[in-house]
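Taking it in order: structure first as structure tokens, then the write-up.
Nothing in this text is a laboratory measurement; each read-out follows from the coordinates by a stated rule. Please read these numbers as outputs of a predicted model, since none were measured by experiment. Because the Cβ atoms are built from the backbone with ideal geometry, glycine has one as well, and the counts that use them run over all protein chains shown.
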Amino acid sequence: MINEKMVIVSFRELVMNRKSIRKFKNDPISREIIEDAVTIAQKAPTSCSGQQYSFIWVKDSDKKKRLAEICSKLILKAPELMVPCVDVRRLERFVDMAGAKLKEGPLTALIIGYTDAVLAAAYFMLALDSHGIGSCCLGSFQSKAKQVADILELPPGVLPIFGIVFGYPDESPPTRPRIPVNLVLHENTYQEPTEQEIREGIEFMNDRLKEEGYYVKYAGRDPSYGWNDHLVNKWGGEWLRDVEKEFIESFKELGFFPKNSR
Ligand SMILES: Cc1cc2nc3c(=O)[nH]c(=O)nc-3n(C[C@H](O)[C@H](O)[C@H](O)COP(=O)(O)O)c2cc1C
């Protein structure tokens with residue numbers, strides 16, 4: 001069933017065709033496929049080979065229901081849910097076994113662990129795609145990390161980074177646009193985009209997302225709603241101040257943020 005050669009040959013196509021999927025068929029995913037996807041996730045590079053992450057495959061319907069209440073209703077519409085986590089706990093046990101005490105401070109664990117976990121999660125989602133399985137990240141798990149950790153009964157040192165809902169797609173949307181590569185790729189130093197480039201970037205994103213009817217379809221917005229409105233509401237929105245507070249509280253309570261800061 002798993003044909004590695006085929007996956008490698010079509011890697012470029014796989015990545016270029018990837019998109020978030022938010023409508024799923026009911027079919028569950030076999031353990032074999034999930035293990036394969038996690039094995040591929042483990043191929044991601046990790047800081048000092050520490051491999052500071054774990055994946056929690058949430059199968060329990062009561063836990064899913066409780067997570068859906070605080071994070072996203074999408075959880076109840078998807079057959080599967082995976083929660084990649086920073087895992088300092090297991091690293092500490094390895095270090096103990098090797099005869100030392102873990103010296104990683106909370107912020108270091110947060111930054112290094114998050115980096116490891118995010119890279120692995122990205123590989124995991126691409127691996128799912130290679131099996132024809134669509135997925136979508138759920139960011140609300142991030143600032144609600146403490147509540148998520150409580151529901152999943154996670155031990156100290158294990159921090160959820162986001163949720164990933166996944167399943168066989170029941171929609172085939174187009175790939176979503178990205179700003180032009182010249183705004184992202186810089187040479188030797190940072191090149192400030194011109195106002196014209198910023199304006200054109202917004203127009204490009206607007207045109208493509210409106211073509212799909214993206215915000216109409218997924219957010220029930222008016223057809224005139226564009227990426228410019230999204231920037232204002234999301235990245236210019238007051239809600240982010242609450243998110244900031246939730247992050248700090250969550251991370252402090254889970255021991256990933258120095259308790260006496262802020
Ligand atoms: C950390 C993170 C959190 C996200 N959270 C959500 C979410 O809560 N709900 C959702 O529908 N999509 C979510 N997304 C998906 C993004 O909206 C999506 O990746 C982006 O619009 C680009 O579209 P594409 O993935 O189809 O290329 C999230 C993506 C990331 C990386």
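Laid out as a table, the results:
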| item | result |
| --- | --- |
| Listed residues VAL15, TYR218, ALA37: farthest to the positive end of the dipole of the chain (Cβ charges) | ALA37 |
| Cα centre as origin, Lys/Arg/Asp/Glu Cβ charges: the chain dipole, Debye | 600 debye |
| Shape call, the range 1-113: gyration tensor on alpha carbons, a/c limit 1.5 | oblate |
| Extension gain, GLU200 back to THR175 (0.36 nm per residue minus Cα-Cα distance, nm) | 7.1 nm |
| Ranked list, fewest to most other Cβ atoms within 10 Å of each Cβ, for TRP57, TRP227 | TRP57, TRP227 |
| Cα-Cα over 32 Å, subset of LYS64/LYS234; LYS43/LYS245; LYS64/LYS259 | LYS43/LYS245 |
| Label-point separation in nm, ASP242 to VAL15, each point 7 Å along Cα→Cβ | 3.8 nm |
| Leading residue at positive end of dipole, the chain (Cβ point charges), from LEU107, GLY50, LEU81 | LEU81 |
| Sorted by Cβ neighbour density within 10 Å, fewest at the top, the residues SER143, SER49 | SER49, SER143 |
| Label point distance in nm, ASN188-GLU32, each placed 7 Å from Cα along Cα→Cβ | 5.5 nm |
| Net charge dipole size for the range 78-149 [Lys, Arg +1 and Asp, Glu -1 on Cβ; Debye, nearest 20] | 300 debye |
| Dipole magnitude of the range 181-225 about its Cα centre (Cβ charges: Lys, Arg +1; Asp, Glu -1), debye to nearest 20 | 320 debye |
| Counted charge near LEU119, where neighbours are those whose Cβ lies closer than 15 Å (Asp, Glu -1; Lys, Arg +1) | -1 |
